[in-house]
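Before any comments, here is the structure.
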Amino acid sequence: MKIIQEIIRKPADLGSKLATLNTQESNLLLAFGSVEHFSAPGFAEALRTAFPQAILFGCTTAGEITAAGVDDGTCTLTAIHFDKIVARCATTPLGEMEDSFAAGQRLGEQLAAPDLKAVLLFGPGVQINGSALVNGLSSRLGSELPITGGLAGDGGAFRQTFTLSPDGVSDRIIVAVGLHGDALRLGHGSFGGWEAFGPARKVTRCTGNVLFELDGEPALDVYKRYLGEHAANLPASGLLFPFAMLGEEHNSIGLIRTILGIDEVAGSLTLAGEIVANGYLKLMHSSTEKLVNGAETAARSATTGQLAILVSCVGRKLVMGDRVDEEVEAVSEVFGKEAVLTGFYSYGEISPFAPAAACRLHNQTMTITSLSEA
């Protein structure tokens, strides 16, 4: 397994940077970059020409991650040559948000194979039900098959995100790569570092990932009361105050839900994943120290490997501000200098809870996938 990595600072630099790379042998190209890079004329065509044997695979971000730290407005290219692992790609268009579960099923039908060991998955970050997407994919591949990845970002604008596949760049295509063969060594870890506060509120009306009422009141009204002056900056400020999903006894079930959008007329909140009708929610907050410790915990769970793919929630980036590099440094210290780190800040993270556990859409976590070959 060989890996090369290049950071493209400006879209105009892409051609000259590609000319210096030995790209002919790569069979998988990971690309994480800003909307400006992905929407630049000829972006996908240039990558396809430079990496003729590689599956083009990636998405736009709310910040790009490498071992050097966190960047904004760049594009990180990580080209991989597998000696033994076989990578196969599947894509499907996403219609309305209600199509998310069926879209996952369509991907699963394309990917299913006896020697499939894991799936990497990237989807649009807006107008999608991420948990339904993961559930649909798992329904075709089995709940024990590891699925990791994330939902694309657009710098926190929540307007239009893009994915990259062998077909090019699109704002409504979900792309997945299946990894096949016994040589795959895969690790994964996901951890948050957030704390719940305030009373538990009952979900009295919801549909999928749209929350209409808490304790019989319009959910948006309840949420705005909690946020106070931060409410003026919704939906972006909602990233600072996600919801913890609770069980019947008001106990944490380990899932967090981020606000992706609001509807002033309906008084509703659109969340990144599904919530449970008649379940309970609590608001959460955090600090830089707790988030950095959470990233380290995720890294230790993922084990080490030649490549680490980091998908961290944009809400964490907003909380940490200028100290955001610290969570990447914590992961880098666990993996060591020999490992290549790549990844992005996302609108949703995908990972199992633990080894052999079902895969879920997470929010506000650092999720890490480690890859190597036996």
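The values are calculated or read from the model by the stated rules, or taken from the named source; none is laboratory data. Only a predicted model underlies this, so the values are computations on that prediction, with no experimental measurement involved. Note that each Cβ is placed from the backbone with ideal geometry, even for glycine, and that neighbours are counted across all protein chains shown. The area values use the complete protein model at the heavy-atom level, side chains included, leaving out ligands, DNA and RNA. Shrake-Rupley method; radii C 1.70, N 1.55, O 1.52, S 1.80 Å.
Taking semi-axes √(5λ) of the Cα gyration tensor in Å as calculated from this structure, the corresponding entry among [x] 47, 33, 21; [y] 32, 21, 20; [z] 43, 27, 19 is [y]. Where both bridge residues fall in the chain, DSSP classifies roughly 80% of the beta bridges as antiparallel.
Separation of the stretch 190-232 from the stretch 88-103 is 28 Å, based on Cα centroids.
Protein heavy-atom accessible surface, 1.4 Å probe, per residue over the stretch 90-130: 37 Å². The charge dipole of the chain, taken about its Cα centre with unit charges on the Cβ of Lys, Arg, Asp and Glu (plus for the first two, minus for the last two), comes to roughly 320 debye.
Heavy-atom accessible area for Glu96, with the other protein chains in place and a 1.4 Å probe, reaches approximately 130 Å².
Across the chain, Cα pairs under 8 Å and at least six residues apart give a relative contact order of 21 percent. Got the relative contact order for the stretch 31-155 handy, in percent, Cα pairs under 8 Å and 6 or more residues apart? About 28 percent, as a whole number. Helix-only arithmetic for the chain: the sum of -39500 (n - 2.57) across DSSP H runs with n ≥ 4, divided by the residue total, places the mean residue ellipticity at 222 nm at -6500 deg cm²/dmol.
Near Lys290, which lysines are there with a Cα under 26 Å away, not counting those fewer than 8 places off in the same chain? Here the lysines satisfying the reach criterion relative to Lys290 are Lys224, Lys282, Lys317, Lys337.
Remark: the Asp72-Glu45 segment gains 7.4 nm on full extension, using 0.36 nm per residue and subtracting the alpha carbon distance. The amide H of Ala118, built 1.01 Å from its N in the peptide plane, has Leu179 as neighbours under 5 Å, considering only residues 5 or more places off or on other chains. Using C-alpha pairs below 8 Å separated by at least 6 residues, the relative contact order for the stretch 121-199 is 34 percent.
Put the Cα centre of the stretch 113-147 next to the Cα centre of the stretch 159-185 and the gap is 11 Å. Assign one of three labels to the stretch 35-183, namely rounded, prolate or oblate, based on the Cα gyration tensor with a ≥ b ≥ c the square roots of its eigenvalues; rounded applies when a/c is under 1.5, prolate when it is not and a/b is larger than b/c, and oblate otherwise. Verdict is oblate for the stretch 35-183. In terms of the mean number of neighbouring beta-carbon atoms within 10 Å, the peptides 291-300, 139-148 order highest first as 291-300, 139-148. Carbon and sulfur: what percent of the chain's accessible surface (1.4 Å probe)? Looking at the chain in its full context, I get 49 percent from C and S.
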